[in-house]
Every structure is written in C-alpha cells, then in structure tokens.
Amino acid sequence: MAWWVELGRVIVPVTCAGCGELDVGWCPACRAHLAGPMVRCEEDAPRLDRLDGVPVLPVWACAPYTGPVREAVLAWKDRGRADLTRGVGDVFADGVRGVAASIAVAVRAEGLGELLVVGAPSSRAAVRRRGADLVAGLADRAASALAAHGAPARPVGALEQGRGARDQVGLGARARRRNVSGRVRVRPGIRLRGAVVVVVDDVLTTGATLAGAVDALEGAGARVLAGLVLAATPSPARRSPDIPAPTRR
Ligand SMILES: [Zn+2]
C-alpha cells in the first residue's frame, strides 16, 4: 500500500459517526438510538401550526434529534459521511414499516388507491455539497417500505426550492424560516390535483421546511396525510425566542 494511504488512515481513522468509537462507521449502540418504533412529534414543531395551536399534520419520527442520533445525522448530511446512507436508510425504512398500517388505513379512508411519497426539497447548493439528494433517497426508502406493507406508494420528486433559497447549514430558526417560506414550489409538469401525499424529511426542527412543502402541495390540489422524518428536535430549548410556542387546547 502506498505510504500516503497508510498515512491517511493514521491521520483520519474510521470512527463511529455517533460516538467516535474507533474502527467502526456506525456502532450498533448508536444505530440502536435511531432505530425503534416511530413516534409522533408534530407538537414540538412550532412552525407546523397554523396559528391556531393545531398542527398542520401528524408527523412521525424515528428518534429525538439529540446525542449520538444528532451526531450521526449531522455526519451523514454535512460532514461527508456518505457511507452512512445505506444504514440510515435501513433504519428509516424499518421505522416506516411500523406506521405503514396506520397510513394505509388513512389512504383507504380517502377512497384513493395510490399514495405519493414526496421528499422535502433541498437547496441546489446542499445537493451539490452532499453529492446526492439525501432526502429524495429517504423518500424512495419510505415508498418501498409503505408499498411492501399495504399502502400502495411511489416516490415522486414533486417539489423544488426556488431561486434564492440558501443552503440551511448554519442558519438559525428565524433565518431558516425566511429562507424557506414561499420558496418551496411544485416542479413544472408535476400534476397533484386530487393526489394523496406523505412528505418525507430528514430532521424536523421548527417545521418551517415541512410547512412550506405542505403549503406548496396543498396549493397544487394535493391532500397531505402525514410527515415522516428521521429525527425531530424534542424540546423547546433550541427554539428561537422569537417563535411563540403553540398554544395547546
Ligand atoms: Zn457509536
């Protein structure tokens, strides 16, 4: 082996994306933190409520966005750990399988056969930086898991971010909201009138991205049943003080 490759391994050893353990990409303990039954999380996302205290839609998450889950997701999204894509997708698909029955019931209640799975759009800059549209990949995994468990689903890349939307990395809650609001739009040529949709995203923080996606989809005539995310920020502690907490009824 060339000396510079050896040197590279010494300088940049493989470590767990969640806890930093050596010689493993993502250790079983850290993976287990993300795995597990999905739980509802929409109450913790202030931007998902339409100013009446009632969240726009039910959202399920695999885990709270804290500790080793947050580390691993950040490494995957923003620190170039593309080696985690398969593992993260596997865990997400497992979680989605667990809620597929509930979603299938909701689709049947709408009296419609097909469910569209739509990823929240990433900015072009983020897709370029990551080398792939990671959220679109999660939407593909979710659609397969739903289709295999009673909810006839297919992924559709229906949304995009309009010109001017920045990469969200490093933006605070207020800046994110400004960045996203009104800039999510339906791609030209995509027809959604009467469609039943589930929206997928990686992390639910304030809910601004998901709310923008729901607005765009509903504006095009779709009915959005639910959101599915990898992880969700759990507590009000991270919320920007300018965003009022939703009033509970
Ligand atoms: Zn670990």
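The values are calculated or read from the model by the stated rules, or taken from the named source; none is laboratory data. Note that the structure is predicted; figures quoted are calculated from it, not measured. Every residue, glycine among them, receives a Cβ derived from its backbone with ideal geometry; neighbour counts consider all protein chains shown.
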inquiry  = Within the range 197-219, take every residue that is small (Gly, Ala, Ser) and over 17 Å from residue 155 (Cβ atoms) and give me the one that is farthest from the chain's Cα centre (by Cα).
reply    = 219
message = When you scan the range 212-227, do you find a residue that is surrounded by 23 or more Cβ atoms within 10 Å (Cβ to Cβ) and of a type in the set (Asp, Glu), even just one?
response = no
Any pair with Cβ under 6 angstrom, 6 or more apart, that starts in the range 27-52 at a residue that is closer than 25 Å to residue 214 by Cβ and ends at one that is assigned to a helix (DSSP H, G or I) and within 16 Å of the ligand (Cβ to nearest atom) = 34/69; 34/91
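Name the single residue, out of those in the range 27-44 being in contact with a helix residue (DSSP H, G or I) (Cβ under 7 Å, 6 or more places away or on another chain) and of a type in the set (A, V, I, L, M, F, W, C), that is farthest from the ligand (Cβ to nearest atom).
Initially, the range 27-44 is screened for residues in contact with a helix residue (DSSP H, G or I) (Cβ under 7 Å, 6 or more places away or on another chain), giving 30-31, 33-35, 37-38, 42.
Those still in the list that are of a type in the set (A, V, I, L, M, F, W, C) too: 30, 34-35, 38.
On the way: 30: 3, 34: 11, 35: 13, 38: 21 Å.
Only one residue tops the list, namely 38.
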ask   = Based on what the data block shows, is residue 96 of a type in the set (Val, Ile, Thr), at pLDDT 95 or above and within 16 Å of the ligand (Cβ to nearest atom)?
value = no
query = Of 30, 62, which residue is buried (at least 24 other Cβ atoms within 10 Å of the Cβ), at pLDDT 95 or above and in contact with a Gly (Cβ under 9 Å, 6 or more places away or on another chain)?
reply = 62
task = Restrict the check to the range 147-157 and report whether at least one residue is closer than 22 Å to residue 207 by Cβ, touching a Leu at 6+ places or on another chain (Cβ under 8 Å) and buried (at least 23 other Cβ atoms within 10 Å of the Cβ).
result = no
query = How many of the residues making up the range 108-117 are surrounded by 15 or more Cβ atoms within 10 Å (Cβ to Cβ) and either within 22 Å of residue 35 (Cα to Cα) or at pLDDT below 85 (or both)?
reply = 1
message = Return the residues of the range 38-90 that are of a type in the set (Lys, Arg) and under 23 Å from residue 132 (Cα atoms); say none if nothing qualifies.
response = 70, 77, 79, 81, 86
ask   = Inside the range 118-127, can you point out the residues that are in a helix (DSSP H, G or I) and either over 18 Å from the mean Cα position of the chain (by Cα) or crowded, with 20+ Cβ neighbours inside 10 Å (or both)?
value = 126
